[in-house]
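A.B. asks: Here's a structure for you.
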Amino acid sequence: MKISKIPGLGRFGVYIDDLDFNTITNEEWMELGKLHLETLVTIIRDVKVDPKTYEQWIRKWGTEQVLEALRLNKKHSVPNIGRLYGETEIHGEAIEPADQEWIKNLINLLCVDEVGPNTAMLRVSGKKDENGRAIGMFAEGELLWHSNESGNLEFSPGVALLGHSGVVGSATGFVTTTDWYEEQSESFRSELDEMIIQHEFSPGKINPGLRKEQDDIMYRNMCPAPIEIPLVIASPIGIKGLHYSVNTINYIKGMSKADSTRVFDYINSTLFVDKFIYDHWYQQDNDICLFDNSITLHRRLGGIADRLCYRIQYDYDKLVPTGTRYYQEPYNELYKEKLKEIKNLIKQYKYF
C-alpha cells in the first residue's frame with residue numbers, strides 16, 4: 001500500500017494506491033481511518049471492491065446515518081421506513097402526503113438490491129429506470145459546493161463515495177477550510193469564531209436543474225427547518241475550520257442581510273480559489289473518495305449520464321469517542337442532546 005500527497009489541498013489530502021481489500025487487515029484499516037481523520041480527504045485509487053464489501057469496510061469506521069429516515073421512524077412508530085412504503089395510514093393515523101412522497105423517493109435510491117436490507121447507502125447516479133425515474137441522487141444538473149446534512153447540529157461527519165462505473169469524464173471536488181482560516185488575521189479569526197450562521201434551505205441552490213421530487217429529498221436531508229449553527233467548528237479530532245455549506249447559509253446572527261452578504265462574498269472570493277481546491281478527475285472506475293463533512297466541502301463536475309456511485313454518510317464513532325466534534329456553548333450541549341437521541345434511534349430502528 002502506497003501513500004502520497006494530494007496536490008492543491010494545502011497540508012491535507014492523501015492518495016492511497018495498491019490497497020487490496022482481500023489482504024488488508026482490520027488493524028491496518030483502522031490505522032488508515034486514523035490517518036484519514038488527520039488528512040480530511042483520502043482517495044483510494046483503482047480498487048477491486050463490490051458495493052456490499054465496500055459498505056462492510058466503511059462500517060468498521062462508523063455508523064451509517066440518514067437523519068430524516070430515523071425521524072420518520074420515530075414519528076410513525078415503525079421499525080423501518082420500508083414499513084411506510086405504499087401505506088396511507090399507520091396505527092390508525094394518516095401519513096402526510098409529503099412524508100409518503102419523501103419515503104417513496106428515498107426508497108428508490110437506497111441500495112437494497114445491491115447489499116440487502118437495513119442499508120443507508122444511496123446511489124448517486126444520472127441513470128434512469130425503465131420508467132424514466134432516477135435511480136440515484138443528483139441525477140441531473142450541476143452539483144455545487146456543499147456539505148451533507150449541513151443544517152443539522154448532529155450532521156454525519158464522514159462521507160464515502162465509491163465511483164463504481166461510468167465516472168471517467170467527471171470529477172469530485174474538495175475544498176478544505178482550515179488553511180484559509182489559519183491565513184486570516186488574528187482579529188478576523190476572532191470575529192469568525194463568534195459568528196453564528198442562520199441556515200435555511202433554498203430550492204435549487206445546491207443542485208440547479210434537479211427535478212422537484214429529488215429537491216424535496218434534499219431539503220429534508222440538508223436543512224429541514226431554519227437553525228443556528230456556529231460558523232467555526234472543530235472536526236472530530238479537533239481540526240478547526242469553517243462549517244460553511246454554501247447551499248444553506250442564509251445570514252449571520254446579529255448582522256443585516258447586506259452585511260452578512262459582504263462577509264460571505266469575501267469568504268467565497270478568497271476560499272474558492274485554486275490553492276485550496278482539488279478536483280479529482282477520475283482516470284478509471286472504482287476509486288473511493290473518503291472525506292470529512294464537518295470543515296470540508298465537496299462538489300461534482302463533468303458528465304453524469306452513465307455515472308453510478310455509491311454514497312455512505314456516517315459517524316466516526318468506531319474511530320473516535322462519540323461526541324468529540326465540539327461547538328461553542330450553548331450549541332455544544334444542544335449537539336450532545338441531539339446526538340444522544342439519534343444514537344438511541346439507530347439502536348431502535350432500521351432503514352429498510
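A.B. asks: Could you grab me the full set of residues in the range 22-46 that are touching a residue at least 40 places away in the same chain (Cβ under 8 Å), in a loop (DSSP other than H, G, I, E, B) and surrounded by fewer than 21 Cβ atoms within 10 Å (Cβ to Cβ)?
C.D. replies: Answer for the range 22-46, where residues must be touching a residue at least 40 places away in the same chain (Cβ under 8 Å), in a loop (DSSP other than H, G, I, E, B) and surrounded by fewer than 21 Cβ atoms within 10 Å (Cβ to Cβ): Arg45, Asp46.
A.B. asks: Next up: Would you mind stating whether Thr53 is closer than 17 Å to Ile288 by Cα and part of a strand (DSSP E or B)?
C.D. replies: Considered against the rule, which asks whether it is closer than 17 Å to Ile288 by Cα and part of a strand (DSSP E or B), Thr53 comes out as no.
A.B. asks: Still on this structure: Could you list, in sequence order, all residues of the range 7-41 that are modelled with pLDDT of 95 or more and closer than 21 Å to Val273 by Cβ?
C.D. replies: Across the range 7-41, the qualifying residues are Phe12, Gly13, Thr39, Leu40, Val41.
A.B. asks: Right, another one. Cβ contacts < 6 Å: first residue touching a residue at least 12 places away in the same chain (Cβ under 8 Å), restricted to the range 239-264; second residue assigned to a strand (DSSP E or B) and aromatic (Phe, Trp, Tyr), any location; separation 6+ or different chain. Result?
C.D. replies: From residues that are touching a residue at least 12 places away in the same chain (Cβ under 8 Å), the pairs are Val246/Trp145.
A.B. asks: Could you please find all residues in the range 312-352 being of a type in the set (Ser, Thr, Tyr), out of contact with any strand residue (DSSP E or B) (no Cβ under 7 Å at 6 or more places or on another chain) and crowded, with 18+ Cβ neighbours inside 10 Å?
C.D. replies: Selection gives Tyr335 alone.
A.B. asks: Among the residues in the range 239-261, are any of a type outside the set (Ser, Thr, Tyr), within 16 Å of the chain's Cα centre (by Cα), at pLDDT 95 or above and assigned to a loop (DSSP other than H, G, I, E, B)?
C.D. replies: Checked against the condition, which is being of a type outside the set (Ser, Thr, Tyr), within 16 Å of the chain's Cα centre (by Cα), at pLDDT 95 or above and assigned to a loop (DSSP other than H, G, I, E, B), the range 239-261 yields at least one hit.
A.B. asks: Against the definition (farther than 20 Å from Leu297 by Cα, of a type in the set (D, E, K, R) and in contact with a strand residue (DSSP E or B) (Cβ under 8 Å, 6 or more places away or on another chain)), how does Lys205 come out, yes or no?
C.D. replies: No: the conditions fail for Lys205.
A.B. asks: Please verify whether the range 119-138 includes one or more residues that are touching a Leu at 6+ places or on another chain (Cβ under 9 Å) and either among the aromatic types (Phe, Trp, Tyr) or in a helix (DSSP H, G or I) (or both).
C.D. replies: Yes, the conditions are met somewhere in the range 119-138.
The values are calculated or read from the model by the stated rules, or taken from the named source; none is laboratory data. Since we're looking at a predicted model, the values are computed, not measured. With ideal geometry, Cβ positions are generated from the backbone for all residues, glycine too; neighbour counts draw on all protein chains shown.
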